[in-house]
Amino acid sequence: MQKTSPAPAAPAASERRRHILILFAHPSSDRSEVNRPMVEAARTLEHVTVVDLYGEYPDGQIDIDLEQQRLLAHEVIVFQHPLYWYSTPAILKEWQDLVLEHGFAYGSGGTALHGKLFFNALTAGGPEVAYQTDGFNHYSIRELLHPLEQTATLCGMLYLPPFALFGARTAVEEGRLARHIDAWLQLLMALRDRRLNIEAARTQPQLNRVLDALTEEG
């Protein structure tokens with residue numbers, strides 16, 4: 001009687017987990033009431049790496065090789081920052097200019113980032129109503145991030161909508177911070193443990209507003 005080979009063992013849950021890289025940019029993080037607690041919370045999670053760009057590069061001299069190795073070692077890339085003039089703080093733009101090189105991130109042979117997930121975790125001082133077509137800023141938060149969405153697309157990454165907190169200046173006094181931190185951890189764990197419905201998430205204006213509907217029990 002011919003013996004059949006045993007079926008290969010399913011990978012352990014820890015082996016299936018994604019590794020998440022959070023590139024944190026805040027020029028005065030010691031005075032941050034929202035972003036700093038988000039960073040501290042994220043650092044408690046396994047498979048999550050947080051890099052404080054202003055803290056690591058106080059002279060602005062970014063180590064391109066190190067940053068590219070970090071990108072290669074992670075499956076999810078997050079830009080975490082306050083919204084400055086409808087974009088990122090300056091060091092994140094410098095990081096993009098230097099690290100996302102032709103031949104590495106895009107162009108001929110530039111496939112290092114293909115298939116990785118990318119999104120912004122941001123805070124905005126104004127209320128959400130200001131980020132609408134008929135609002136003070138004339139555009140939604142996702143529309144304002146179109147340059148970053150196109151950057152992700154050019155690099156072959158899968159772009160997810162932002163995880164955003166509006167009215168960040170009053171979040172603490174209004175008692176909204178704890179709920180936001182809980183949602184932040186829920187999102188990171190769902191991404192890490194492959195419980196986020198990626199295709200459904202990509203169609204949403206923001207991640208945090210529909211997070212419960214987009215996650216499934218592992």
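None of the figures in this text is laboratory data; all of them are computed from the coordinates on show. The structure displayed is predicted, hence computed values, not measured ones. Cβ atoms come from the backbone with ideal geometry, glycine included; neighbour counts cover every protein chain shown.
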### Message
Is the C-alpha gyration tensor of the range 132-218 telling us rounded, prolate or oblate? Criteria: a/c under 1.5 is rounded; beyond that, a/b larger than b/c is prolate, otherwise oblate.
### Response
oblate
### Query
What helices in the chain pass both tests, a Cα length along the helix axis of 24 Å or more and a mean Kyte hydropathy of 1.0 or higher, using whole DSSP H runs?
none
### Query
Rounded to the nearest 20 Debye, what is the dipole magnitude of the chain about its Cα centre when Lys and Arg each give +1 and Asp and Glu each give -1 at the C-beta?
640
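Summing -39500 (n - 2.57) over the DSSP H runs of n ≥ 4 in the chain and dividing by its residue number, what mean residue ellipticity at 222 nm do you reach, to the nearest 500 deg cm²/dmol?
-8500 deg cm²/dmol
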### Task
Name the long-range amide H neighbours of Arg194: under 5 Å, sequence gap of 5 or more, or other chain; modelled H, no Pro or chain starts.
Arg18
### Message
Using the Cα centre of the range 15-214 as origin and beta-carbon charges of +1 (Lys, Arg) and -1 (Asp, Glu), tell me which of Pro127, Ser32, Gly109 is placed farthest towards the positive end of the dipole.
### Response
Pro127
### Neighbour cut-off at most 10 other Cβ (10 Å), DSSP loop, chymotrypsin sites (Phe, Trp or Tyr not before Pro), the range 67-106
Trp85
### Summary
Per the C-alpha gyration tensor (a ≥ b ≥ c, the square roots of its eigenvalues), the range 15-214 is rounded if a/c is under 1.5, else prolate if a/b beats b/c, else oblate; here it's rounded
#### Entry: Estimated inter-spin distance, Ser29 and Glu174, nm [label 7 Å along Cα→Cβ]
2.6
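List the relative contact order of the range 15-214 as a percent without decimals, with contacts defined as Cα pairs under 8 Å and 6+ residues apart.
Details: 313 pairs, mean separation 46.0, N = 200.
In percent, rounded to a whole number, it is 23.
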### Query
Quick one: Karplus J couplings for the range 105-119, per residue in order, coefficients 6.51, -1.76, 1.60, θ = phi - 60°, nearest Hz, x for Gly and Pro?
9, 7, x, 4, x, x, 10, 4, 9, 4, x, 6, 8, 9, 7
